[in-house]
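Worksheet for the structure shown next.
The values are calculated or read from the model by the stated rules, or taken from the named source; none is laboratory data. Remember, predicted model here, so these are calculated numbers, not experimental data. Reconstructed Cβ throughout: ideal geometry from the backbone, glycine too, with neighbour counts over all protein chains shown.
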Amino acid sequence: MENCFHCGDECRTTVIEHHDKFFCCNGCKTVFDILNDNDLSYYYDLEQTPGTTPFFQEGKFDFLENEKITGQLLEFNEQGTQVVSLLIPTIHCSSCIWVLENLNKLNPAIKTSQVNFPKKTVRITFSSEELTLQNLVILLSKLGYEPYISLDDATKKNSKVDRSLIYKLGVAGFAFGNIMFLSFPEYFEVNEFWLDKFKPVFRWLMFGFALPVAFYSGRDYFVSAYKGLRSKILNIDVPIAIGISVLFIRSTIEIIFDLGTGFFDSMSGLVFFLLLGKFFQQKTYAFLSFERDYKSYFPIAVTRLLKNNASKTEEQAQVYELKKGDRLLIRNAELLPVDAILIKGNALIDYSFVTGEAEPITKQSGEHLFAGGRQQAGSIEVEVLKPVEQSYLTQLWSNEIFNKNNQSSFQSLTDSISRRFTLSLLLIAIIATTVWLFIDVSIALNVFTAVLIVACPCAIALAAPFTLGNLLRIFGRHKLYIKNSSVIEQMSHINMVVFDKTGTLTTSTKNTISYEGITLTKEEESLLTSTLRASNHPLSRSLYAILDKNNIQTLDDFKEDVGQGITGVINKQKIKVGSFNYVEKDAKIKNTQIQQRTAIHISKDNEYKGCYVFYNEYRDGVKDVFNSLSKTVNIVILSGDNEGEKEHLKTILPKHATLLFNQKPEDKLNYIKQQQQNGKTVLMIGDGLNDAGALAQSNVGISISENVNIFSPACDGILDASKFKDITSFLSLSRKGVTIIKYAFIFSLVYNLIGLGFAVTGHLKPVVAAILMPLSSISIVVFTTIATYFTGKKLNHKSNVS
Amino acid sequence: MNIIYMLLAISVIVALVFFTVFIFSVKNGQYDDMYTPSVRMLFEDELVKEKSDKQKNKSIKKPIIFKEQLK
C-alpha cells in the first residue's frame, strides 16, 4: 500500500502515479502540480507529507461576491490594497507556514502574507483589483487551506488584547531590580562618609521607583480588596492590600523623618512575585475560544432567491438581513441559519449537532425546518419564518445563564483560608502592639507595622496560582484545554457527571453496522454495492464504505426517491434499498422497534431480504470511564435522541446511573439547575449546540471535540475526543492539586511564623524582610512545581499503559 | 564624588530607555506570536537559494486564478 506523497494518507481505492510519486486523489495531485510548477516544491522538503487533501465545494464561497460581506471581512480596504485575516484550521506544520507566506509566488496580486501559527490565522495583503477576495479564498481552498468563515466574523468588533498585566509586571520588575540595586549599600550598613552623604538621594530615588509599583502595579489588589470588603468577604487580597499599604506608608514616613531606609525593596518584590503568579496561572490557547456561541457555527451568508416578474435570480444575502418571507436556496451540505418552511426539494436534515438526534431526518415540503440543521441531500428551497436572532435554537442564548458570571458564586480555597488568616493576623498585631505599649511605647508602632508587613501572605497567594497554573499546562499537554485555573479547583469538588450521548459518548466518524436477515448471495451483494455507489445518502455512504467493492457493475437503471430509498437494476434483477416502508410495500408490521432503529432494508425482486442495522459506536473506554467514575460521582446521561439506544446503554452503565432521553436543550439546562439546588456540583460533558445551555449552567462544562480547531460551544474546557478515557484521571488529578495547595499553605504558614518571631520581638530589619519574603515565595513556587510535576507524571504513565 | 549624581542619572535614564522599549514592543504585539518567527527564521536561506536558481530560466507565468479556469 502506497502512501500519498502530499497528505500521507494511505492510497486506498485510487492510486495516481505522477512524477514518480503516488497520490491518493486528484485533489492532492493538483496541489502538488501547482506547487511544483511554481517552484514551491520546497514545501515537501521541509516536512514529510505536509499536505491536507483539499475538499472543494463548488459555490461555497459565492457569498464573497457580495461587497458588503467582503467589506466586513477586510481589515483594511483602500484602492489597490486590501488586508484580510483568515482563520485556517488546517495549518499544522512549518511547511504550512512556508507555503502560506510564499503565496505571492502563486499570484503576484498577493503582496505579503504572514502566518500566526498559534492562532492558525494568515494575514494577507493583496490587491483586489487583480485578485478578488473570493478568488483568494478559492486559491487557498484548492491548496488544502480552506479558511473558516462564519457569522461571527461579520459581527466581530476589534477586540483589544488586554496587556495591562504584562505592563504591570514590567513596571514592578523594573522597579524591583532598581530599588534592590539602590538599597544595596544600606544592606551592609557601612558607616562611610560618602554613603551617609548620598543616603537621602538614594532613598528618594527608591521612593520614586516605588510610586508606580504601589499605585499602578498594585492597584488591582486594592480594588479587589475593596470589592471584597464591600460584599463582606475577607478575600486574600485584603491582607495583601494591607501589607502593601503598610509597607509603603511606613517606608515613606521613615524616609521623610530620616529614620531608616524603609521596605521599598520588599514591597516591589512582593508585588512583582504576586503579579508573576497571576501571569503564570493564565495559560491561553490562542487557537481555541471558550466563548463561542451559535455565531461561529452559522454561515455568514446564504443564497437568496429573488423573484422579478417570473424570472428568478439568485443573490448572496447576509444572514442578518434575512426577513420573514424570504426565499432561500440551501445546497447540499449547507447549513440552514433560520427557522423556515420547506417549499421545494427533498430535505434530509442532520440535526445531530443541534438537538443530539443521531440520524438525519427527512422532511416533506410544507414542514418546518429549524435553524442549525445541515442539508444532506441535494438543494432545497425554503421560506424564512423567523430571522436568525429569533430562531428556535438561538433563543437558548437569551437564557439568563449566558449573561451571568457564575465565577462570582464560587469561593476558592485561598479565599476561605484568607478569612481565618486575616483575622488571626490582625489579632496578633493588636496583641503584640498592646504588649509593647507597656514595655516600650516608642517601639510599639514599629512592631504593629512589622507584623503586618512580615505576615503579608505572599506565599499563600502564590500557592494556588502556581499549582493550578502547572496543572493547567499538564492538562493542556494531555489535550484537555481549560479556560482558566479556577476551573481546576471547581473540578476537584465535582460529585456528579452529566454526559450527552450523541457525539459525546458516541463517535461521529464511525458506525457499527450489522446485518440481520437472509444471507445475501455474492451476486446480490455486488448488486447492492453497485446500487449504493450511486447514492449520496449518508447511510448509503457509510454502508458502502464497509462493503466489499470487488464486483462493481454498471447499473441498467437507477432511481432515487429522496428520503425513501433507492432502486437499482442490473440484468433485470431489481434491488430496493431504503426505509422499511419503501422496501416492503404492503408493510403490515408496524413494529416500533423497527421504527426506532436506524437501518437500511433490502429487498430483491420485491422479496424482503433483511436489513443492515446501524449502531452508534461508543468511544473507546466508555465502560471503563463509567466504572471508575461511579466510585466517586453520580453518573447521568441526558440525550436529545430517542430511546432506541436505551437497552444497549444500560448494559455498559453502572446500575444506579440515571438515563434520560428526548431532552430539549432547555430540559438539560433545567435538569442541571435542579441538581445544583439539591447540592450537587455538576460536571457537564457535551459537544453540540444543544448542550450549550447545560454547559453554561453546570459548575464545570467541558465540551468534547474530535477536532479542537473546529467549532465547539462555549464552555470551561475543551477535551480532545481521543482523551475521553482519561476523564477520571483528570478529575483525580485536580483533587490532588487541591491537596498540594493545602500543603503549600502549611509550608508558607511556617515562614510566616518565623517572620512573626522577628516582628513581634521588634527586630525586623529591612534586610531580613528583603530576604525572607522572596525566599518564602520562591520555595513555595519550587515546592508546588515539583509536586505537580510528580502527580502529573502519573497521568503520563497511565495514558502510556492504556 | 559629586559625579555620582550624574552616574545615577545616567543609570536611571538607561534603565528607563530599556523599559520604554519593552513597553512599546509589547504594545506593538511583538510578543503575541512567540512561535511563528522562530520557524520563519529558518526559511530565509532556502528562499534566497531558490531565487537565484530561478532567475536563469524565469518565465512570466500566468497568475493562478481558479475561478476563470472553472468557467
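Can you report the number of residues in the stretch A:94-104 which are closer than 20 Å to A:Thr30 by Cβ and facing another protein chain (nearest Cβ under 9 Å)?
2
Output the residue which, of all residues in the stretch A:18-35 that are more than 30 Å from A:Ile330 (Cα to Cα) and out of contact with any helix residue (DSSP H, G or I) (no Cβ under 9 Å at 6 or more places or on another chain), is farthest from the other protein chains (Cβ to nearest Cβ).
So in the stretch A:18-35, the residues more than 30 Å from A:Ile330 (Cα to Cα) come out as A:18-24, A:29, A:32-35.
Retained after the next criterion (residues that are out of contact with any helix residue (DSSP H, G or I) (no Cβ under 9 Å at 6 or more places or on another chain)): A:20, A:22, A:24, A:29, A:33.
Numbers: A:Asp20: 21, A:Phe22: 24, A:Cys24: 21, A:Lys29: 15, A:Asp33: 11 Å.
Ranking the candidates gives A:Phe22 first.
More than 23 Å from A:Arg250 (Cβ to Cβ) and either hydrophobic (A, V, I, L, M, F, W, C) or in contact with a Pro (Cβ under 8 Å, 6 or more places away or on another chain) (or both): does that describe A:Trp204? Reasoning before the result, please.
Values: more than 23 Å from A:Arg250 (Cβ to Cβ): no; either hydrophobic (A, V, I, L, M, F, W, C) or in contact with a Pro (Cβ under 8 Å, 6 or more places away or on another chain) (or both): yes.
No; evaluated as a whole, the condition is false for this residue.
Report yes if some residue within the stretch A:39-47 is surrounded by fewer than 17 Cβ atoms within 10 Å (Cβ to Cβ) and in contact (Cβ under 8 Å) with a residue 40 or more places away in the chain; otherwise report no.
If we filter the stretch A:39-47 for residues that are surrounded by fewer than 17 Cβ atoms within 10 Å (Cβ to Cβ), which is where we start, we get A:39, A:41, A:45, A:47.
Keeping just the survivors that are in contact (Cβ under 8 Å) with a residue 40 or more places away in the chain gives A:39, A:47.
The answer is yes; a qualifying residue exists.
Could you tell me whether A:Ile166 is at pLDDT 85 or above, under 30 Å from the mean Cα position of the chain (by Cα) and away from chain B (no Cβ under 12 Å)?
Details: at pLDDT 85 or above: yes; under 30 Å from the mean Cα position of the chain (by Cα): yes; away from chain B (no Cβ under 12 Å): no.
For A:Ile166, the condition - at pLDDT 85 or above, under 30 Å from the mean Cα position of the chain (by Cα) and away from chain B (no Cβ under 12 Å) - is not met.
Only one residue in A:Gln114, A:Gln48, A:Gln134, A:Gln79 is within 9 Å of chain B (Cβ to nearest Cβ) and over 28 Å from the mean Cα position of the chain (by Cα), so which one is that? So that I can check it myself, show each step before the final result.
Numbers: A:Gln114 fails: over 28 Å from the mean Cα position of the chain (by Cα); A:Gln48 fails: within 9 Å of chain B (Cβ to nearest Cβ); A:Gln79 fails: within 9 Å of chain B (Cβ to nearest Cβ).
Checking each option against the conditions leaves just A:Gln134.
Tell me which residues, restricted to the stretch B:12-71, are among the aromatic types (Phe, Trp, Tyr) and modelled with pLDDT of 75 or more. Please lay out each step first, then the result.
Applying the first criterion (among the aromatic types (Phe, Trp, Tyr)) to the stretch B:12-71 yields B:18-19, B:22, B:24, B:31, B:35, B:43, B:66.
Within the stretch B:12-71, B:Phe18, B:Phe19, B:Phe22, B:Phe24, B:Tyr31, B:Tyr35 meet the criteria.
Do you know which residues across the stretch A:553-583 are acidic (Asp, Glu) and part of a strand (DSSP E or B)? Step through it out loud before you land on a result.
Here is the first cut: in the stretch A:553-583, the ones acidic (Asp, Glu) are A:556-557, A:560-561.
Residues satisfying the conditions are A:Asp557, A:Glu560, A:Asp561.
Does A:Gly503 qualify as being at positive phi and buried (at least 19 other Cβ atoms within 10 Å of the Cβ)? Break it down into steps so the answer makes sense when it comes.
Working: at positive phi: yes; buried (at least 19 other Cβ atoms within 10 Å of the Cβ): yes.
Yes, satisfied.
Just to be sure, is A:Ile746 surrounded by 22 or more Cβ atoms within 10 Å (Cβ to Cβ), within 27 Å of A:Leu795 (Cα to Cα) and of a type in the set (A, V, I, L, M, F, W, C)? Step through it out loud before you land on a result.
On the way: surrounded by 22 or more Cβ atoms within 10 Å (Cβ to Cβ): no; within 27 Å of A:Leu795 (Cα to Cα): yes; of a type in the set (A, V, I, L, M, F, W, C): yes.
When the stated conditions are applied, A:Ile746 does not pass them.
A:Gly693 passes all but one of (1) under 25 Å from A:Asp624 (Cβ atoms); (2) in contact with a Lys or Arg (Cβ under 9 Å, 6 or more places away or on another chain); which number fails?
Looking at each condition in turn, A:Gly693 falls short on (1).
Scanning the stretch A:71-112 for residues that are over 30 Å from A:Ser705 (Cα atoms) and among the polar types (S, T, N, Q), which turns out surrounded by the most Cβ atoms within 10 Å (Cβ to Cβ)?
A:Gln82
Could you please find all residues in the stretch A:51-70 being surrounded by fewer than 17 Cβ atoms within 10 Å (Cβ to Cβ), away from chain B (no Cβ under 14 Å) and of a type outside the set (A, V, I, L, M, F, W, C)?
Listed by number, the residues that qualify are A:Glu67, A:Lys68.
Starting from the stretch A:186-207, keep only residues that are charged (D, E, K, R), then list their pairs with residues that are exposed (fewer than 15 other Cβ atoms within 10 Å of the Cβ) and part of a loop (DSSP other than H, G, I, E, B) whose Cβ atoms are within a distance under 8 Å, requiring at least 6 positions of separation or different chains.
Pairs that qualify, where the first residue is charged (D, E, K, R) and the partner is exposed (fewer than 15 other Cβ atoms within 10 Å of the Cβ) and part of a loop (DSSP other than H, G, I, E, B), are A:Lys197/B:Met1.
With touching a Cys at 6+ places or on another chain (Cβ under 9 Å) and farther than 18 Å from A:Met491 by Cα as the only criterion, which of A:Ser748, A:Ser722, A:Ser703 stands out? Don't jump to the end; show me each part of the working.
Details: A:Ser722 fails: touching a Cys at 6+ places or on another chain (Cβ under 9 Å); A:Ser703 fails: farther than 18 Å from A:Met491 by Cα.
None of the others qualify; the one that does is A:Ser748.
So, of the residues in the stretch A:210-244 that are part of a helix (DSSP H, G or I) and among the charged types (D, E, K, R), which turns out to be nearest to A:Ser268 (Cα to Cα)? Quick ask: steps written out before the conclusion?
So in the stretch A:210-244, the residues part of a helix (DSSP H, G or I) come out as A:210-217, A:219-230, A:237-244.
From what's left, among the charged types (D, E, K, R): A:219-220, A:227, A:230, A:237.
On the way: A:Arg219: 13, A:Asp220: 14, A:Lys227: 23, A:Arg230: 27, A:Asp237: 16 Å.
Applying the filter and picking the extreme gives A:Arg219.
Suppose we filter A:Thr449, A:Thr434, A:Thr467 for residues that are part of a helix (DSSP H, G or I), free of Cβ contacts under 8 Å to residues at least 60 places away in the same chain and not acidic (Asp, Glu); which single one remains?
On inspection, the qualifying residue turns out to be A:Thr434.
What number goes with the only condition from (1) more than 33 Å from the chain's Cα centre (by Cα); (2) outside any loop (DSSP other than H, G, I, E, B); (3) within 12 Å of another protein chain (Cβ to nearest Cβ) that A:Asp39 does not pass?
Among (1) more than 33 Å from the chain's Cα centre (by Cα); (2) outside any loop (DSSP other than H, G, I, E, B); (3) within 12 Å of another protein chain (Cβ to nearest Cβ), the lone unmet condition for A:Asp39 is (2).
Are any residues in the stretch A:646-665 polar (S, T, N, Q) and assigned to a loop (DSSP other than H, G, I, E, B), and if so, which ones? Write out each step before concluding.
Initially, the stretch A:646-665 is screened for residues polar (S, T, N, Q), giving A:651, A:658, A:662-663.
Those that are polar (S, T, N, Q) and assigned to a loop (DSSP other than H, G, I, E, B): A:Asn662, A:Gln663.
Do you know which residues across the stretch A:661-670 are surrounded by 15 or more Cβ atoms within 10 Å (Cβ to Cβ) and either at positive phi or touching a Leu at 6+ places or on another chain (Cβ under 6 Å) (or both)?
Those that are surrounded by 15 or more Cβ atoms within 10 Å (Cβ to Cβ) and either at positive phi or touching a Leu at 6+ places or on another chain (Cβ under 6 Å) (or both): A:Gln663, A:Pro665, A:Lys668.
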